[in-house]
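Some notes on the structure that comes next.
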Amino acid sequence: MQVLVRKTPGPHRSDAVYTDGVLDSKRIQVGSSPDCDLQIVGVAPQHCVVQLSGKTARLVCSRGNTVSHNGEAVSKCELNVGDEILIGGNRFAPIAAPEGFDLALQVSVESTDGIELEGSYKTDLRQTWLPSRSVAWVLGLAVLLGTCALPLWHHFTAEKGAGGNGFLDVSMLTDQVWSSGPLHAAHASLEQDCKACHTKLFQQVTNAACEVCHIDTVDHIDSVAANQHLPIDMNGRCATCHREHNEPQSTLILAGDAVCSDCHADHDLKSDVDVDMPRVTTFADDAHPAFRVTLLAPEPTPFVGGVEQQWQAERVALADATENSQLIFNHLAHYQDSQVSLLKNGELTPLGCADCHEASVDGEHFEPITFEQNCATSGCHDLELDARNRLPHALPDVAIAAMQGYYLRTIGDSVESANKKVDECRRRPGRQNCEKKCTGTAFECASERAERKIHQQFADSGCVTCHLIDELPDSDLEDRYQVASVKLVTDFMPQARFDHASHGIIIDPDTNKTLVDDQACSYCHAASESEHSSDLLLPDINSCTICHGTTEPAASVPLQCSDCHAYHPRG
């Protein structure tokens, strides 16, 4: 039926206006409950129902409720135009229905005196027919039975091989009743195996339970340092930082600075094994120590016939650090456009950072620099003797044998062939002929030419350009030149993390200019000014706090300790 509902503020208001609404239903529920068709305050949640039978409208109250119909308390009545019905403090009167409506009702607040708004809703057990004491006992026992007794019974019977199948395995009467939330996705396979972590009833998860799977996880301070009487225990419970059964699931690892600063902000931690950790509170110039780097230092170890290089790691302050890779390299010479170019797509292109430094898939490191991959393939250092013969790299004795064999094959048995290139050699102003003619046998000429070439490679303008070489004049030719081994550091801060991929584009805070590619690299690494391989081209902490400091939060990208440091070292 179509019912017009006209709501007015009440007859005692001089500015009385009304609002009309339409209900389309054969049965209109009236009460204080929000789900009623007509909600009014001061009455029961479902106080009464208005329904139309033919052309007669009737009002029927729910059990225990009444209304005042023309001054008389009734539980049901017919609704006629002119009747006056009071429901709580509200006036409820049928009026003449306009055309198109089956019924029209005018509802107004007669008086707000005595109306208890809170009484319109049942919020207390005493407002219902239920006895509070009995219900409390029943519900309390039900909680104990459903969440304690039955799960415990299921636990012990399942251990003995009974009760482990059937209803209890798929009901809420299992250990799942005690779960406060789902497991993290990384532990999803253990969702139905509570005993994998909770090895004993009513006992916190122990580190031993975690180490069953995470056997290779390294402690924050290893056992050697821990045995040197560190002032505090650096290796607490795993569950202190790794919280399970807590939503959202991404919070398995607590990443707040407090996890670190609780210890590092108040102590200068020291031990008897050279563990020195200065005070750190956050990442800023005055709250974080200057960077230190891990370098490899060569330690010569003599042996019969030469010297072998052993490498030892040492950690030094970045401000005092110089690299000793035993490689001779000039970044400036390779970076200048006029000196070094590569042939790309038929055009000479200046050498850029990415031509040698290839990012690793982790986005953090770079692939190791090798001669074969980075120096020879570009055509710059191909070590060619001729179009078909190339010297081997990193094997001095083999390279010497290769040069000797090359000239023996080239000269053959003819002295004329040994002097052919000498005749063709052009004289340069201010210099003598490049070589003297050989007057000995073909073998002697070949040996002489080979020795000259070997000397040129190891002492003049070949291998010695990039390598440190010791010459032993009294030794045989095969052992005369000792080439120092080369060791390039691939990670100067192995216990820290840095995402190179996210720094491929940098906004210069001084000019607000976007820097990409080589410009982004040069913003932090001064390779374009470096002429020595000992230069350690790493930025100091001041370079980082320009963007990541906390002095100007509006223009800063804040960092937490866990953004750069891991609690568990990488082996």
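Quick note: the coordinates plus some simple rules give every number you see, no bench work behind them. From a predicted model like this one, the values you see are computed outputs, not experimental measurements. FYI the Cβ positions are ideal-geometry reconstructions off the backbone, even for glycines, and counts take in every protein chain you see.
Before moving on, here are some points about what is shown:
- Listed values for the stretch 502-511 are Karplus-derived 3J(HN,Hα) couplings in whole Hz (6.51 cos²θ - 1.76 cosθ + 1.60, θ = phi - 60°), namely 6, 9, x, 10, 10, 9, 5, x, 7, 10, and x replaces Gly and Pro.
- Converting phi to 3J(HN,Hα) with the Karplus coefficients 6.51, -1.76 and 1.60 and the offset θ = phi - 60°, the stretch 560-566 yields 9, 4, 6, 5, 10, 10, 10 Hz in sequence order, with x at every glycine or proline.
- The stretch 489-570 - Rg over Rh from alpha carbon coordinates, Kirkwood radius: 0.98
- Close amide-amide hydrogen proximity is noted between Arg91 and Ser108, Val109, Glu110, each under 5 Å apart and 5 or more residues distant or on a separate chain (H modeled in the peptide plane; Pro and chain starts excluded).
- Taking amide H atoms as placed 1.01 Å from N in the peptide plane, the amide H of Ala57 lies under 5 Å from those of Leu79, each 5 or more residues away in sequence or on another chain.
- Couplings 3J(HN,Hα) for the stretch 438-447, derived from phi with the Karplus relation 6.51 cos²θ - 1.76 cosθ + 1.60 (θ = phi - 60°), are 8, 10, x, 6, 4, 5, 5, 5, 5, 5 Hz, where x marks Gly and Pro.
- Check: the stretch 500-571 dipole with +1 on Lys, Arg Cβ and -1 on Asp, Glu Cβ, in debye: 340 debye
- Between the amide H of Ser533 and those of Phe329, distances stay under 5 Å, these residues lying 5 or more places away or on another chain, with hydrogens modeled in the peptide plane.
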